[in-house]
Structures are given as structure tokens and as C-alpha cells.
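S.K.: Got a structure here, written out as C-alpha cells. Questions coming.
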Amino acid sequence: MNLTLRGIGRLLIMSGEPVADAALVVRDGRVAWTGPERSLPADAPAQTLDVGGACVVPGFVDAHTHLLYAGRRREEFVARLAGSAYDGGGIRTTVDATSAATDEELLRLASGRLATAVAHGTTTMEIKSGYGLSVDAELRLLRLIGELAGRTPMRLEATYLGAHVVPAGRRRDDYVDDVVATLPAATAAGARWCDVFCDEGAFTVEDARRILVAARAEGMGLRLHAEELAYTGAAGLAAELGCASADHLEHVSDVDARAMAAAGVVGVLLPTVTLSLRSGAWGHAARLRESGVELALATDCNPGTSWCESMPYAIQLACLAMGLPVDEAFRAATLGSAHALRREDVGHLGFGAWGDCAVLTAEHEADVVAHLGGRAVGTTVVGGVAVADDLKR
Ligand SMILES: [Zn+2]
């Protein structure tokens, strides 16, 4: 819990200017001091990690994942490569596989993915339910997300996504009734957030409004899958309701983007989805940026459209495919994502924040964007403890 990080060639604090030849002191898990190493306080903790001139950044905050699932979607993926369109229908394949898996199997699978994410520098992650699609099955997934928190050093945020797709054989209106009725139990099961997949082939803007208004009354924070497959007006709804974030946004309009900026709705970019779907939809990042929307980055880790636990990979795509400057991509992956989760204690290394950081394998953050297929993170530190450490290997 007490640690002195020394030999930092370049330290990105995010809530302040970068520091060269820096050190960082963590006490009781929190950032107690940052500055030039030559000014390191004499009483700095004896427990020391010398990073040998590497660049150190705040631990990545992955603000959008569907990490808890079983099964693969291999046939769908291969068919898509051969030219089939994605319509969201494959979600039901994952629902079936997830229902068939035991609790222990699901926890084992998700723990493995969390370990991979930690090794890639992620220290805070949002995880959605949504592969249950019945009251009992959704509550089971939320309970398991709570259990996962005890099996990982990572800080987790649980989101209730009962409104992922309409289950086979159910009327949409009836199912929306179920989702609304489940909100108190979802909160009791640990969900801090409520999300709706508002899109063509999923739930309508009116469905989303009903669910999110009820969730807000229940004290939950709001987020929304918006404008991924088609323009529906979901981003405008996110602005109207003051959602913490609207995510995807490939088809967002200029008017709705400006409304999001005015309402303080963070735009969560998921570039690995665009890559995986081969949709070529990269232009919305520039549109959101020009409209003044605060940007976040996330992996959307899921078996159908983004099999990815790596935030550095999302950063590379944000820069190389979406055109974000390097500094903005790193900010989106840390401070922006923390804002998308309305957390002040992560995503930066200012005084009092959690001592969570990623020690890069390079001396400058731009190098990990330029180095394709390389390993971006050498050591991950959570609360002043090195939890994934390859530096010595
Ligand atoms: Zn998603």
C-alpha cells in the first residue's frame, strides 16, 4: 500500500502537466506526492520500484465491457468476414452459452479476462450484465460481477443491462415492463448503473426513456448504447436525461453531439468494434471532438463484436484509425473514462487519487501507439501494489 516509484522518465498525471525525471509516492494506496525525483521527500516509503526511465501513466479505465459471458461466436465471425451483416442477433447465442455455464465456470472465464486486462494496464473496469435476459438470469450475472470484485485487484463498476436485446418469444413491451420491475433488485444486487441497447433491432428511444427514467428514480446512474447500427436519436435522449455517457455513437448527428457536450454527457469511443465489424465508421470521433464532447475510450470486451481486453490497443486504433492526437487518446483512456463513470478517484495521479498506474514499456506514450503488435505495459500498479509485473522477465 506504500510505494515509491522512481526512475520515471516521463510521468503523465492527467490532472496536471507531465513531469520529466519524476518520482511518485503512494501512501495507504493513494497518491501522496509526485514531482521531479531530485525533490523526492526524505521520508518517502522504503518500498521502491525503479522503472528504469519508462513512461508512467494513470491505470487505464475501461468504461464499457460485457466481460462476463461464456461461449464463442466463431461461426458468426467467420460469416461476417465472408460478407454477412451484423444485426445484433448473435447476442442470443451468448445468452444461451452463458445460461448453460455454471457460476464457477463463468467466474473462471471472467477472471482470466480480468487478468489479461490488468496485464495490459487496466485498473478500473465497468462490467455490464445483459447475457441473462430474464429477471433471475440478469440478477445472477450482477451477483457474479460482485463476486468477481473479490477475485481481482481491479476496481469494478457493475451495470444492469437487462435491456440488451428482446428475448426470443417475448413481446417488447412486456419485456420492458420486466426490466423496469427488476430495477430495485438490480440495485440491491450491486448495480450502480443502468444501460439500454437503444438501436435498430434492439430497444427504441421510447423504451430507453421509460427504463432510464425509472432507473434514475431508483438512484442509479445512467448510460446508453447509442447510434451504433443506425441513427435513432438515442444520443439526443442521453443529453435530455443527462446520462453519464453515451457509447458507440458511429451515427451521431452534429445537433445531438452538441447537445451531449452542453449536457456534460461523455462520449465513449469503442474503436475495436469498428475494426471487428469492418464497418469503416471512424468519422464520428472527429465529429464528437469538434462538437466539444468529452471523449472516453473503452474496449467493449465481448464475444461478438470486440474480443479485446487491451486498452493500449483501443488507444492505437483511436489514434491511427480515428485520428485522435496521442495526448487526447491517453486522456480519453484514463481521465475521460473516469468521468464517464463519474469517478474522481481514478484516471489521474493527482494528490489523493488511488495509486493506480501503468508502467509503459516505452519512454514516451507516443511510442506505444507507433509500435504495432508490441507489448505496451510492463508493470501494472493498483493502490501502490504491483499486481502484474513483467519488468523482471
Ligand atoms: Zn456494449
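S.K.: Tell me, in nm to one decimal, what length is gained between GLU206 and ASP327 on full extension, where the rule is 0.36 nm per residue of separation less the Cα-Cα distance?
M.R.: Between GLU206 and ASP327, full extension yields an extra 39.8 nm.
S.K.: Using only Cα atoms, tell me the angle between helix 205-217 and the longest principal axis of the chain; keep it within 0 to 90° and round to the nearest 10.
M.R.: 60 degrees
S.K.: With everything on Cα atoms, drop me the angle between helix 311-320 and the longest principal axis of the chain, reported from 0 to 90° to the nearest 10.
M.R.: Roughly 80 degrees, rounded to the nearest 10.
S.K.: Determine the calculated [θ] at 222 nm for the chain from helices alone, applying -39500 (n - 2.57) to every DSSP H run no shorter than 4 residues and normalising by the residue count; nearest 500 deg cm²/dmol.
M.R.: -10000 deg cm²/dmol
S.K.: Roughly what angle does helix 254-263 make with the longest principal axis of the chain, taking Cα atoms, 0 to 90 degrees, to the nearest 10?
M.R.: The angle comes out near 60 degrees.
S.K.: Quote the Stokes-Einstein diffusion coefficient, in whole µm² s⁻¹, for region 1-94, based on the Kirkwood radius over alpha carbon pairs, a temperature of 20 °C and a viscosity of 1.002 mPa s.
M.R.: Estimated diffusion coefficient is 128 µm²/s.
S.K.: Could you tell me the distance between the Cα centroids of region 10-42 and region 239-257, to the nearest Å?
M.R.: Cα centroid to Cα centroid, the span is 36 Å.
S.K.: Rounded to the nearest 0.05, what FRET efficiency is calculated for GLU290 and GLU240 with R0 set to 22 Å and r the Cβ-Cβ distance?
M.R.: 0.55
S.K.: Further, regarding this structure: Mind listing which GluC sites (Glu not before Pro) in region 329-374 are in a DSSP loop and have 15 or fewer other Cβ atoms within 10 Å?
M.R.: Filter output for region 329-374: GLU344, GLU363.
S.K.: Here is a follow-up. Rounded to the nearest 5, what is the percent of antiparallel bridges among the DSSP beta bridges in the chain?
M.R.: 45 percent
S.K.: Okay, moving on. Using 7 Å Cα-to-Cβ label points, what is the SER15/ASP96 separation (nm, one decimal)?
M.R.: 4.9 nm
S.K.: Which Cα, out of SER279, MET220, LEU141, lies furthest along the positive dipole direction of the chain (beta carbon charges, K/R +1, D/E -1)?
M.R.: Value: LEU141.
S.K.: May I ask you to derive the relative contact order of region 60-340, considering only C-alpha pairs under 8 Å and at least 6 residues apart, and to give it as an integer percent?
M.R.: Answer for region 60-340 is 19 percent.
S.K.: Another one. Enumerate the amide H contacts of GLU157 below 5 Å, restricted to partners 5 or more residues apart or on another chain; note that Pro and chain-start residues carry no placed amide H.
M.R.: For GLU157, the qualifying residues are MET125, GLU126, ILE127.
S.K.: Further question on the same structure: How big is the charge dipole of region 60-340 about its Cα centre, in debye rounded to the nearest 20, if each Lys and Arg gets +1 on its Cβ and each Asp and Glu gets -1 on its Cβ?
M.R.: In total the dipole reaches around 460 debye.
S.K.: Another question about this same structure. Specify whether the C-alpha gyration tensor of region 60-340 places it in the rounded, prolate or oblate class, a ≥ b ≥ c being the square roots of the eigenvalues: rounded for a/c under 1.5, otherwise prolate if a/b is larger than b/c and oblate if not.
M.R.: rounded
Read-outs: derived from the displayed coordinates by stated rules, not from any lab. Small disclaimer: the values here were computed from a predicted structure and weren't measured. Ideal geometry is used to build each Cβ from the backbone, glycine not excepted, and the neighbour counts take in all protein chains shown.
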